[in-house]
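Participant: Below: one structure in structure tokens.
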Amino acid sequence: MASWHVPRFFRGLSRRDFISTGMKGMAIVSVPMFFGRDPLAALTAAPAGTTPADLFARFGIDESILRQVMVAALERGGDFCDLYFQHTISSYIGLEDKIVNQAYTSVDLGVGIRVVKGDQTGFSFTEDLSVPAMRDAARTAAAIAEGPAGKAPTSFTHQKLPNHYVINTGWENVSADRKVPFLQKLNDLIFAGDKRIIKASAALMDDTSFVLLASSDGLITYDYQPMAQLRASCSAEQDGRRENSYADLCGREGIEFFTAERVKTIAADAVRRTVSLFDATKPEGGEMEVVLEAGSSGILLHEAIGHGMEADFNRKGISIFADKIGKPVAEKFVTIVDDGTNPNVRGSLNVDDEGNGTQRTYLVQDGVLASYMHDRISASHYKVQPTGNGRRESFRFAPMPRMRNTYMLPGPHKRDEIIASVKKGILAEMFTNGQVFIGAGDFTFYVKSGYLIENGKLTRPVKDINIIGNGPEVLRKVVMVADDFKMADGGWTCGKDGQGVPVSMGLPTVKVSSITVGGVQS
Amino acid sequence: MMDRAQRKELASWAVGYARKVGADAAAATIERAREIEVAVRARKIEKLTEATRSSLSLNLYVKGKFSGHTTSNLNRPALEKFIAEAVAMTGYLSEDPFRMLPEEKYFREINPADLQLLDTAYAGIETARRVKIAREIEEAALPMSEQIISVTASYSDAHTERTDVYSNGFMGERESTAFSTGADVTVKDGEKGRPEDWMYTTVRLLNDAPATAEIGKQAVRRALRKIGQKKIQSGVYDVVVENRSAARLLSGLYGPMTARALQQKRSFLEGKLGTKIASEALTVTDDPFVPKGLGSRRFDSEGLAAQKRVVIEKGVLKHYYVDNYYGRKLGMELTSGSPSNIVLAGGTRSAEEMIRDLKRGILITSFIGGNSNSTTGDYSFGIVGQQVENGQIVGAVNEMNLSGNLGTLWNQLVEVGSDPWIYSSWRLPSLRFAGLELSGA
């Protein structure tokens, strides 16, 4: 992670949209137990204490308190308000220099209070869940509106939602001693994997979030959101040269997900990706055919079309896709969706952060631009149903339209036939990050490793190349789509306006007929 | 709402409690930050956010084992439980002889100078004034062009207080303010697209913020000059990188300059101390004492007393960034694990003047995506900018990649400008390079 960094020190840049691998920052982590406001209630809760009663106890609230806070939030005439309670327990445990020698934990507890008036948002949060503190925060958020007080609900309905991330064991019940062996095993496998390995590091990160959302529509929704990532990185040396790469597996999974087989795969991938770089070169730069390997190549969709289809950008007219709904944008065999319902996938959600159930949303259907991704404000602006894309980094942020798992459905071609069709180009396999300017449409993604394709055959590895293109143009140039769809399983975090949220993406093997590849000039 | 004395009391208590339940040493930090943000668009307030966050961070050293913990729940019984559990879980880790708090000699002499990081008028700033500033920026921008599609103007400020109490005797206090003002502007480019640009500035004292009208107008001018942007032919170009984007390139050297990268063998700068890694035009100073600087500090995040250091002198690497842990592992003298203010001295000309020297060149105004590899120095970045021919700007450029190796890139540096971007801790001027490789059409 350290060797692949996207600097965020520009005020301006941090507001832009980008994606990178790895969970947010280093300083995350946790302790194998509950830290509820009311420790007794928390300790008696079931492993996945997600019944309404469990969550009310966890946050020390009841319906009458919710009502009192809503009265304060709407006292200046907001149309709508919601209270987003969240308790997140995070843990990071790491191995370096052959020993498990570092652990970081964090506990985050609080409520975000949002008041909406038309397209306008007032927002505040408090980490103190006492009634006076919550009322103060509500009054701060209320200041966005000016007018006679709105009405708080007199009773609440509890929404029942499906569970897209069934797990056996919640991470909050897994103590550190059970995590240590995964890291030691990764270390041993990596050093056994190749004589050239000189350093290995590994980390197991998990996150458990308890969420309760109450809205002035009188709805209460709740969720239990697990997340886990196992990651290994290594460096190798050959003839005085060094290379470094990594592999990871991530999802809304419990500890049972990391089977011996999966641990082996992570170690083997990390070693293979690292040592193959010794043979890698930089290609000659310029426009060429690019084949995207099935899986995390879905980063292409995230940048080329995903951000541009987030409805807030279109409501403001600042996306290159504004006013293009219903128009053909790609070949007939191209269908692109954003989906919150894929079982245990990193970007999946039972309910979005505004209380809307998630769904599969068609962005492009049979080549035609179909729907934007909406949050509550944009859905009401466009007078459509919400799509379940209202997301926030945590209770400290107001929600906005964000992607979940963005992917392309399988197409009519075969992978072999696609590779064979390329005279001179690149097969892009592993990615670290990407970015887009949603108005102009230029987007990039960084290829950490891949292969050169010459006369229909993979010839030699390539590394460290940025690929840059224009969203709508590249969509038109998707000329072949294979039948081998794969979802990415890495730890992708999408950044927008200073908020990071977990996402995933997927793609079958795809050929783009021409795009600019960074490289050397002959 | 904790004051200074209460923060110190809580931090001391946390260290004491950690030791009581089994830690040999502990370092506690309490941070409190009040943050307010206003965004205006279409002459309405789009978003108004105001909140205070507080946290306790605790680093624990238990029988030679180390862990770090953070919580936002500062309720005393909850903290007792949190600390006891944290100490217990540390027991499951392996002993690491290099994990210990810094020696006293590193914080014995701390520069007592007032760095002017706190706007004492902060408490008196009312929300109405914040909104007014954002509105003024928007009003300055909107009439600039008929091609404007959207202007979002914003104002934000933060008041941060932080108290450190470590069991090695270090005690630290800091308080600062920061004010950001700016605008994002999108304009119409026929049927082609909707180019966007921004102008944001951050300062320590509100009175130092640039005139609101100038911010709004700058943002529009920058967006307008992107109209007609296109990729041009791949090739070798002379390049000027605008001050506010230059940090993207220099940051590629900063990962490899850390003790962590060196110790983990992920640095192409290993063994390069005292050797030439850049052209003579590059002299980089890490200066923690710049008055009102965004990276200014008297001590760093580990409590090490800050010192001004020339890290690269006329192209020769003079210092690595050495933190306490990896420094011990490598047996190196500690400097600091993180940069403060980065200052490049010696320039005499502005970007405009340097552009006149480009025969066949590109002015890079921003980077998009891309990355660099700290182990090998390879990099590839997307760029946006202006094409220059015979010293004149002739059109807008985008969708191109700048690629190469950082080892050679910095040797191609010909000149640094006299125009540092002071709204960042990376106070870089514009940079002029000879013969860089760009891929485009």
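Bear in mind that the values in this text are calculations on the coordinates, not laboratory data. In this text, all values refer to a predicted model and were calculated from it rather than measured experimentally. Every residue, glycine as well, gets a Cβ built from its backbone with ideal geometry; the counts of neighbours run over all protein chains shown.
Participant: When Lys and Arg each count +1 and Asp and Glu each count -1, what net charge do the other residues less than 12 Å away from B:E9, Cβ to Cβ, add up to?
Facilitator: +3
Participant: While we're on this one: Once fully extended, how much extra length lies between A:S130 and A:E63, figured as 0.36 nm per residue of separation less the alpha-carbon to alpha-carbon distance?
Facilitator: Additional length available on full extension: 22.7 nm.
Participant: Okay, next question. Using modelled backbone amide H atoms (1.01 Å from N, in-plane), which distant-in-sequence or interchain residues come within less than 5 Å of A:K117's amide H?
Facilitator: A:D79, A:G122
Participant: Could I ask something else about it? Projecting each Cα onto the charge dipole of the stretch A:31-279 (Lys/Arg +1, Asp/Glu -1 at the beta carbon, about the Cα centre), which of A:T157, A:G78, A:T169 comes out farthest on the positive side?
Facilitator: A:T169
Participant: How many nm is it between the label spots at A:N168 and B:E313, if each spot is 7 Å from the Cα in line with the beta carbon?
Facilitator: 6.2 nm
Participant: Let me ask something additional. Could you state the number of Å between the C-alpha centres of the stretch A:401-421 and the stretch B:232-299?
Facilitator: Measuring centre to centre over Cα atoms gives 39 Å.
Participant: Run through the stretch B:292-354 and list the GluC sites (Glu not before Pro) located in a DSSP loop whose Cβ has at most 14 other Cβ atoms within 10 Å.
Facilitator: Within the stretch B:292-354, the qualifying GluC sites (Glu not before Pro) (loop, at most 14 other Cβ atoms within 10 Å) are B:E333.
Participant: Now for a separate question. If you put +1 on each Lys and Arg Cβ and -1 on each Asp and Glu Cβ, how big is the dipole of the protein assembly as shown around its Cα centre, in Debye rounded to 20?
Facilitator: With Lys and Arg at +1 and Asp and Glu at -1, about 700 debye.
Participant: A:K264: which aspartates and glutamates have alpha carbons under 16 Å from its alpha carbon, excluding same-chain residues fewer than 8 sequence positions away?
Facilitator: A:D188, A:D194, A:D248, A:E256, A:D489
Participant: Sticking with this structure for a sec: Would the protein assembly as shown count as rounded, prolate or oblate if I go by the C-alpha gyration tensor, calling it rounded below 1.5 in a/c and otherwise prolate when a/b exceeds b/c, oblate otherwise?
Facilitator: The shape class here is rounded.
Participant: Beyond a 25 Å Cα-Cα separation, which of these cross-linked pairs lie in this structure: A:K179/B:K65; A:K151/B:K47; A:K448/B:K314?
Facilitator: Checking Cα-Cα distances, A:K448/B:K314 exceed 25 Å.
Participant: Take B:S156, B:S336, A:S297 and order them by how many other Cβ atoms sit within 10 Å, fewest up front.
Facilitator: With the fewest neighbours first, B:S156, B:S336, A:S297 line up as B:S156, B:S336, A:S297.
Participant: Can I ask one more? What distance in nm separates the simple spin-label points at B:S94 and B:A121, each placed 7 Å from Cα in the Cβ direction?
Facilitator: Taking the simple label geometry, B:S94 and B:A121 are separated by 5.7 nm.
Participant: Run the helix sum for chain B: -39,500 (n - 2.57) per DSSP H stretch of 4+ residues, divided by residue count, reported at 222 nm to the nearest 500 deg cm²/dmol.
Facilitator: Result for chain B, helices only: -6000 deg cm²/dmol.
Participant: Between A:S175 and A:K332, what length in nm is gained on full extension when 0.36 nm per residue of separation is reduced by their alpha carbon distance? Numbers along the way, then the final one.
Facilitator: Values: separation 157, 0.36 × 157 = 56.52 nm, distance 5.10 nm.
That pair, A:S175 and A:K332, stretches by 51.4 nm at full extension.
Participant: Using Cα positions and a limit of under 13 Å, work out the aspartates and glutamates in reach of B:K217, with same-chain residues fewer than 8 apart set aside.
Facilitator: B:E136, B:E138, B:E139, B:D184, B:D197
Participant: Here's another thing I want to ask about it. Using 7 Å Cα-to-Cβ label points, what is the A:D194/A:D416 separation (nm, one decimal)?
Facilitator: Between A:D194 and A:D416, the simple spin-label model gives 2.8 nm.
Participant: Same structure, new question: Just check chain A against the gyration tensor rule for me: Cα atoms, a ≥ b ≥ c as the square roots of the eigenvalues, rounded for a/c under 1.5, and otherwise prolate or oblate depending on whether a/b exceeds b/c.
Facilitator: Oblate.
Participant: For a 27 Å ceiling on Cα separation, which of these pairs sit above it: B:K230/B:K359; A:K496/B:K44; A:K324/A:K423? Write out the running numbers ahead of the final one.
Facilitator: Numbers: B:K230/B:K359 19 Å; A:K496/B:K44 22 Å; A:K324/A:K423 34 Å.
Listed pairs above 27 Å: A:K324/A:K423.
Participant: Check the straight Cα-Cα distances from A:K332 and name the aspartates and glutamates below 14 Å, setting aside those fewer than 8 residues away within the same chain.
Facilitator: Straight-distance partners of A:K332: A:D366.
Participant: Next question, about the same structure. One-quarter of the Cα convex hull surface for the stretch A:31-279, in nm²?
Facilitator: So the Cα hull casts an average projection of 16.5 nm².
Participant: Let me ask you something else. Which of the three applies to chain B, rounded, prolate or oblate, going by the alpha-carbon gyration tensor with a ≥ b ≥ c and a/c under 1.5 meaning rounded?
Facilitator: It comes out oblate by the Cα gyration axes.
Participant: Quick one: length gained pulling B:E80 to B:A441 fully straight, 0.36 nm per residue minus the C-alpha distance?
Facilitator: 123.7 nm
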